[in-house]
Structure formats: C-alpha cells, structure tokens
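S.K.: This is the structure I want to talk about, given as structure tokens.
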Amino acid sequence: MADCYRTRSDGLDLFVRLTPKSSADAIDGVRTAADGSVHLAARVRAVPDKGAANVALERLLADRLNLPKRDVSVVAGSTSRLKTVRLTG
C-alpha cells in the first residue's frame, strides 16, 4: 500500500485531497482513490477564492500537527483539489 506522504531531508510532503466550503474544518483520515493513489482527506469552511481554502488548509494542518504556521505550505495543486503540502522543521 502506498503512503500519503513522501519524506524529504528537511521534513515531508503530504498528499491531500481538499474539500472547500464544508460545514467544518476537519481531517477525515487517509483515503485511497479509484486510481490507487493515497491521500489525506481534509475539509475546510473557506471558499476556494484567492487562495483562502489553501490558507485554511495550512492553518488546519499546523494546528493539528502542532507546527508553526510558517512550516506548513501548499507547494503544488494550488487550484486543484489534490494538493501537495510541505511540512518542514
């Protein structure tokens, strides 16, 4: 089974499927897509406008993982539901 992350020398890249405009900010666990790819399912209340949902995702992950917000950033898929989030530190 594949993992929903890739390790790096300075941290890791986390593969996330984000659902914006949800009723609550939440992490729903690890899911496997029909194509076999594995990702972390997350949802945020923010709308996908001007990067608001990406910022909300970064804030959610930083809070849940007890990381400073500066160490969590969306590095790929900024306009897609499937994103790569870099965790450093």
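The values are calculated or read from the model by the stated rules, or taken from the named source; none is laboratory data. All values reported here derive from a predicted model rather than from experimental measurement. In this analysis, Cβ positions are derived from the backbone assuming ideal geometry, glycine residues included, and neighbour counts consider all displayed protein chains. Remember, those area values only see protein heavy atoms, side chains included, never the ligands or the DNA or RNA. Shrake-Rupley method; radii C 1.70, N 1.55, O 1.52, S 1.80 Å.
S.K.: Cα to Cα, under 17 Å, and not fewer than 8 places away if on the same chain: which lysines meet these conditions relative to Lys21?
M.R.: Answer for Lys21, where 17 Å is the Cα cut-off: Lys50, Lys83, listed by chain and number.
S.K.: At 1.4 Å probe radius, can you tell me the per residue accessible area of the chain in Å²?
M.R.: Averaged over the residues of the chain, the accessible area is 61 Å².
S.K.: What spacing in nm lies between the two simple spin-label points modelled at Arg45 and Ser78, each 7 Å away from Cα in the Cβ direction?
M.R.: Using points 7 Å along Cα→Cβ, the separation is 2.5 nm.
S.K.: For the chain, which whole percent of the accessible surface, found with a 1.4 angstrom probe, sits on carbon and sulfur atoms?
M.R.: The C+S portion of the solvent-accessible surface of the chain is 48 percent.
S.K.: Under a cut-off of 12 Å between alpha-carbon atoms, report the aspartates and glutamates in cross-link reach of Lys69, not counting same-chain residues fewer than 8 places apart.
M.R.: Partners within reach: Glu58.
S.K.: Given a Förster distance of 22 Å, report the FRET efficiency between Lys69 and Ala33 from their Cβ-Cβ distance, rounded to the nearest 0.05.
M.R.: Using R0 = 22 Å, I get an efficiency of 0.20.
S.K.: Further question: Using the Cα centre as the reference, give the magnitude of the dipole from point charges on the C-beta atoms of the chain (Lys, Arg: +1; Asp, Glu: -1; all else neutral), rounded to the nearest 20 debye.
M.R.: With only Lys, Arg, Asp and Glu charged at Cβ, the dipole is about 220 debye.
S.K.: Then there's this: Please name whichever of Asn54, Thr32, Leu14 sits farthest to the positive end of the charge dipole of the chain, dipole taken about the Cα centre and charges placed at Cβ: Lys and Arg +1, Asp and Glu -1.
M.R.: Of the listed residues, the answer is Asn54.
S.K.: Give me the mean projected area, in nm² to one decimal, of the convex hull enclosing the Cα positions of the range 12-51.
M.R.: Working: hull surface 14.2 nm².
Computing the convex hull of the Cα atoms and averaging its projections yields 3.6 nm².
S.K.: Then there's this: Any idea what the relative contact order of the chain is, in percent, if you count C-alpha pairs under 8 Å spaced at least 6 apart?
M.R.: 30 percent.
S.K.: For the chain, give me the percentage of DSSP beta bridges that are antiparallel, rounded to the nearest 5 percent.
M.R.: Details: 21 of 25 bridges.
Taking every DSSP beta bridge within the chain, about 85 percent pair in antiparallel fashion.
S.K.: Something else about it: Which residues does a label at Thr88 reach in the range 1-38, if reach means a backbone N under 16 Å from a point 7 Å past the Cα toward the Cβ?
M.R.: 7-14
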